[in-house]
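Some notes on the structure that comes next.
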Amino acid sequence: MDKQIIARLKKTFEDHAQEVDGVEFWFARDLQKLLGYDKWENFLNAIEKAKIACENSGHNVNDHFPGIRKMVEIGSGAKREIEDIMLTRYACYLIAQNGDPRKEEIAFAQSYFAVQTRKQELIEQRISLQERMQARQKLVASETELSKLIYERGVDDEGFARIRSKGDQVLFGGHSTAQMKNKLGVPQKKPLADFLPTITITAKNLAAEITNFDVKKDELMGESSITKEHMRNNADVRELLVKRGIKPEELPPEEDIKKLERKVKKDEHRMADSSKHKKKLA
């Protein structure tokens, strides 16, 4: 395909992108023309095939193909109402995959939306990872504070480990830290929290923060009283989760967060090196 045609098509797709509340979409009537379809009825056939593919992939069709009605001018200032569809990037990709392969526009769109959809997936994965790492850092900070507080109140490192383990046992519905590691396949020498999903890490952090607050407020002393407080706080947090249909012990494990942190740093270095290389070439 000619490079000028590729550049024109890419700019055309980008120029027709719309956005509402941070959600990017294309109008089907616009995409119809961009993909070289003269008749709306023929384009609807490709859309229907795309909807089936969307449903078969386990996605909600209405999330990616919501129908709308809008007014358009038909000449001499007159207007009439027509049907249209708001298409997400994923919907556009599926339509291109199910379009007429003889059309040059379809061939380009298949590659364009596949690449752009993959980019969006990577961005979403990166955001999710950042949220999980931030939650983990907060948990480290709250547990560090707790260990300092209880040390000042006559509890040593072994006592802190027991307090934290008792809290875990309550949060995970009777499963001890060691049992949860076995259940999730976590190496015994690695922290359980490094393999937990963001929601569970956040729950552990909330319980620890409340314990920190109460230890200082009520001037709690000794391992026994602090253990009871920490167990009570974990029980309260678990109750809230269970009310929302979330049982921490039943959630699947995540990838080792330490490995993910190393991967993020490696990617950042690669991006920095790539940027320097481009500047030298400029």
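The values are calculated or read from the model by the stated rules, or taken from the named source; none is laboratory data. Treat the numbers as computed from the prediction; the structure is a model and nothing was measured. Positions of Cβ are backbone-derived with ideal geometry, glycine not excepted, and every protein chain shown enters the neighbour counts.
Hey, among L44, L35, which residue is modelled with pLDDT of 90 or more, aliphatic (A, V, I, L, M) and more than 26 Å from the chain's Cα centre (by Cα)? From the options L44, L35, the qualifying one is L44. Among the residues of the stretch 56-110, write down those that are basic (K, R), in contact with a strand residue (DSSP E or B) (Cβ under 6 Å, 6 or more places away or on another chain) and surrounded by fewer than 10 Cβ atoms within 10 Å (Cβ to Cβ). Selection gives R69, R80.
Between N234, N182, the distinction of being touching a residue at least 60 places away in the same chain (Cβ under 8 Å) and over 13 Å from E254 (Cα atoms) belongs to N234 only.
Screening L220, L184 for residues that are touching a helix residue (DSSP H, G or I) at 6+ places or on another chain (Cβ under 8 Å) and under 18 Å from S142 (Cα atoms) leaves exactly one candidate, L220. Under the condition of being in contact with a helix residue (DSSP H, G or I) (Cβ under 8 Å, 6 or more places away or on another chain) and among the aliphatic types (A, V, I, L, M), which residue from the stretch 94-109 is modelled with the lowest pLDDT? Top of the filtered list is A109. Is it fair to say D236 is of a type in the set (D, E), part of a helix (DSSP H, G or I) and either closer than 19 Å to V140 by Cα or over 29 Å from the mean Cα position of the chain (by Cα) (or both)? Taking the combined requirement at face value, the residue does not satisfy it.
Could you look through the stretch 185-231, keep only residues that are touching a residue at least 24 places away in the same chain (Cβ under 8 Å) and among the basic types (K, R), and pick out the one that is farthest from L149 (Cα to Cα)? Checked the stretch 185-231; the qualifying residue farthest from L149 (Cα to Cα) is K190.
Okay, residues lined up against (1) at pLDDT below 90; (2) outside the structural domain of L241 (by TED's automatic domain parsing):
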{"residue": "C92", "(1), (2)": "yes, yes"}
{"residue": "S111", "(1), (2)": "yes, yes"}
{"residue": "Q116", "(1), (2)": "yes, yes"}
{"residue": "E131", "(1), (2)": "yes, no"}
{"residue": "A141", "(1), (2)": "no, no"}
{"residue": "E158", "(1), (2)": "no, no"}
{"residue": "I163", "(1), (2)": "no, no"}
{"residue": "F195", "(1), (2)": "no, no"}
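Evaluated against (1) modelled with pLDDT of 75 or more; (2) not in a loop (DSSP other than H, G, I, E, B), I246 falls short on exactly one condition, (2). Can you give me the number of residues within the stretch 5-32 that are part of a helix (DSSP H, G or I), modelled with pLDDT under 85 and either surrounded by 10 or more Cβ atoms within 10 Å (Cβ to Cβ) or not assigned by TED's automatic domain parsing to the domain that holds D84 (or both)? Of the residues in the stretch 5-32, 10 are part of a helix (DSSP H, G or I), modelled with pLDDT under 85 and either surrounded by 10 or more Cβ atoms within 10 Å (Cβ to Cβ) or not assigned by TED's automatic domain parsing to the domain that holds D84 (or both). Pairing residues of the stretch 48-70 that are within 17 Å of M86 (Cβ to Cβ) with residues that are among the polar types (S, T, N, Q) and in a helix (DSSP H, G or I), at Cβ distances under 8 Å and at least 6 apart in sequence or on separate chains, gives A50/Q97. Do you know which residues across the stretch 144-200 are in a loop (DSSP other than H, G, I, E, B) and either charged (D, E, K, R) or in contact with a strand residue (DSSP E or B) (Cβ under 6 Å, 6 or more places away or on another chain) (or both)? Matches in the stretch 144-200: E152, R153, D156, K189, K190.
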